[in-house]
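Here is the structure we will look at, set down as structure tokens.
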Amino acid sequence: MDTAPRGAPRGAWEIAGLLAGLAGLAVSHAATLVLTSRATPPVAVAELFVQYVPGVVAETAIDVLGRADKPVLVVGVLLVVGGLLVYAGRLAARAWWKPLVVYAVLGGIGTVAMLTRYDARPVDVLPVIAGVVTWMVALSFLTDPLRVEAASGIPESGHTRRGFLLRGGVVGAIAIGLGVFGEQFGRQRRRVEQTRALLNLPLTRPRPPDDVRVDVDGVGPWQTPNAAFYQIHTAIVVPTIAPQDWRLRIHGMVEREITLTYQDLLDRELAEDWITLNCVSNQVGGPLIGNAWWSGVRIDTLLAEAGPAPGADAVKQTSQDGWTCGTPLGALTDPERNAMLAIGMNGRPLPITHGFPVRMIVPGLYGYVSATKWLVDLEVTRFADFEAYWTGKGWGERGPVKIGSRIEVPRNGGDLPTGAARVGGVAWAQHTGIAGVEVALDGGGWRAAEIAGAPNDDTWVQWAATLDLDEGDHELRVRAIGKDGETQTGVERDVLPDGATGWHGISFSAS
Ligand SMILES: Nc1nc2c(c(=O)[nH]1)N[C@H]1C(S)=C(S)[C@@H](COP(=O)(O)O)O[C@H]1N2
Ligand SMILES: [Mo]
């Protein structure tokens, strides 16, 4: 009845299938944590199931199982998956490719489940891919000795058994190691997430001012929600720091060293304001920019208490994950600039991925020279005396934000009706302010667009214009003018070393 090759007992193939399966699940789980995906693939599949299961079934389940319905469902998914993985091992005895069919089906379901979740990002497919690749590699590694035995026809030689046990041990140890890492890391993260949720900070949560929006459908929100705010960090595993464990040391070329706790920050006066943050790596027209309501403690007063020594011109900031940046001391001590140790973002405690519990925000400087997340150390020093993470890789030392602008409506390649059509987007020149925006249609002359209001000079400004469109293909360009009189240059430069320049231009058609 069974075509399993002579020699290796079927049980060995099944164990191989199970071990390879567990290793893949462990790798997938670890990848989920590292990528901060909100659910592991099995949990996502369970959720997908909940979403599509008929109502009566769900209600019965809730009746019978009560609040245990979700864990029971996840365990059920894992049992089914486990059974299929054992089966995949058995299939491997017949032909090397047969288990791949099982893996492909499971991987396909996992991919659909991960990508159809609310808030899914393309990278959320990586835990599935990592798991499937691990399944294939681990199964082939484990079944190698069994296959050799099947080919040689010598039943159960001691040599084969030792080889199989050794390989099983290796795969098992890796799976357990990753599982323990995932558990520990996951627990710490859950703990910090919980503490964060329970914090009762004196943050305000105002609505954006009334005049900041233009009336063009499709222009993004003026206030960027936390979940939609771009994220840039080099950390693979984001730091999870409990507020009670957080310390900030201010030292170096100062008269008095200061160490601050989270409570010390809460005991001080909070500064709050709208500030737009952007990344030096943002391409012209790119998405790496966001605008939020930040709450924190002004850094100029803290530095004044520490007393910077004459000759110092920089502050080297260090994150708990070891990332560093250098910020001009003048930008942090400037009473006219709202630089702060931020603890709140849009009226909530900072999200972990945006630097919880404390990060720096400095209006007018790119993030890579100023916006340290998970900040733990400020050393007052001289630019000549150190190299920060990015400046050591060829990026500019100072990093002031360059004036910029973006078209959001229409999209590149989009369509508009002929006749009068509304277009719009944003423009920014943090800490200088936007005086105006101009657009040029089809290479014609620049003409003024309307601009909405802004509560201060540190935020982006929405703009809009009405075009008169003939049928056919068109091109639109935008440029901003700063309150200092600077007109955004059309000279195209790459993001390296200190920010891209050039006008954002798009093509669209009118019909
Ligand atoms: N610890 C740490 N902080 C960091 C970075 C980083 O890699 N590590 N990247 C910086 C860069 S380049 C930018 S643009 C901003 C992005 O902040 P956000 O992720 O909250 O949008 O964080 C800055 N702070
Ligand atoms: Mo950045």
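The values are calculated or read from the model by the stated rules, or taken from the named source; none is laboratory data. Remember, it's a predicted structure, so these values are computed and weren't measured experimentally. FYI the Cβ positions are ideal-geometry reconstructions off the backbone, even for glycines, and counts take in every protein chain you see. Only protein heavy atoms, including side chains, enter the accessible area calculation; ligands, DNA and RNA are left aside. Shrake-Rupley method; radii C 1.70, N 1.55, O 1.52, S 1.80 Å.
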Original post:
Nearest 10 degrees, 0 to 90: what angle lies between the long axis of helix 10-34 and the longest principal axis of the chain (Cα atoms)?
Top reply: 10 degrees
Original post:
Rounded, prolate or oblate: which one fits the chain, using the alpha carbon gyration tensor with axes a ≥ b ≥ c (rounded when a/c is under 1.5, else prolate when a/b beats b/c, else oblate)?
Top reply: prolate
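Find the relative contact order for the chain and round it to a whole percent, using C-alpha pairs within less than 8 Å whose residues are 6+ positions apart.
Working: 1012 pairs, mean separation 66.2, N = 511.
Relative contact order here is 13 percent.
May I ask you to give the solvent-accessible area per residue for the chain, in square angstrom, as obtained with a 1.4 angstrom probe? Can you show the working numbers first?
Values: 23830 Å² over 511 residues.
For the chain, the solvent-accessible area averages 47 Å² per residue.
Tell me, what is the percent relative contact order of the stretch 12-196, built from C-alpha pairs under 8 Å that lie six or more residues apart? Could the numbers behind the result be given before it?
Numbers: 189 pairs, mean separation 72.8, N = 185.
Worked out over the stretch 12-196, it gives 39 percent.
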Subject >> With all protein chains modelled, accessible area of VAL105 [1.4 Å, Å²] >> reply: 80 Å²
Original post:
Whole-Hz Karplus ³J(HN,Hα) for the stretch 306-317, in order, using 6.51 cos²θ - 1.76 cosθ + 1.60 and θ = phi - 60°, x for Gly and Pro?
Top reply: 6, x, x, 7, x, x, 6, 9, 9, 10, 8, 9
**OP:** May I have the count of lysine pairs in the chain with C-alpha atoms under 28 Å apart, counting pairs 8 or more residues apart or located on different chains?
**Re:** 7
Original post:
For the stretch 426-511, rounded, prolate or oblate, judged on the Cα gyration tensor with a ≥ b ≥ c (square roots of eigenvalues), a/c < 1.5 rounded, else prolate if a/b > b/c?
Top reply: oblate
Original post:
Hey, what angle do you get for helix 69-92 against the long axis of the chain, alpha-carbon based, 0 to 90 degrees rounded to 10?
Top reply: 60 degrees
Original post:
Does anyone have the angle between helix 41-52 and the longest principal axis of the chain? Alpha-carbon axes, 0 to 90°, nearest 10?
Top reply: 80 degrees
Original post:
Normalised by the residues of the stretch 226-393, what does the relative contact order come to in percent, with Cα pairs under 8 Å and at least six apart?
Top reply: 28 percent
Subject >> Mean Cβ count within 10 Å, highest first, over the residues of peptides 375-388, 171-184, 288-301 >> reply: 288-301, 375-388, 171-184
Original post:
Residue by residue, what Karplus-based ³J(HN,Hα) values in Hz, rounded to whole numbers, does the stretch 98-109 have, using 6.51, -1.76 and 1.60 with θ = phi - 60° and x for Gly and Pro?
Top reply: 4, x, 4, 5, 4, 4, 5, 5, 4, x, x, 5
Original post:
Over the heavy atoms of PHE141, what accessible area does a 1.4 Å probe trace out, to the nearest 10 Å²?
Top reply: 80 Å²
Subject >> With DNA, RNA and ligands ignored, accessible area of SER511 (1.4 Å probe; Å², nearest 10) >> reply: 90 Å²
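Tell me, what % of the accessible area of the stretch 226-393 is carbon and sulfur with a 1.4 angstrom probe? Could you put the intermediate results ahead of the total?
Numbers: 2760 of 5850 Å².
Solvent-exposed carbon and sulfur of the stretch 226-393 make up 47 percent of the total.
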**OP:** Hey, can you grab everything whose amide H is under 5 Å from the amide H of VAL254? Only 5+ residues off in sequence or another chain; H modelled, so Pro and N-termini drop out.
**Re:** ALA309
Subject >> Approximate spin-label separation LEU201-ILE176, in nm, with each point projected 7 Å along Cα-to-Cβ >> reply: 4.1 nm
Subject >> Shape call, the stretch 226-393: gyration tensor on alpha carbons, a/c limit 1.5 >> reply: rounded
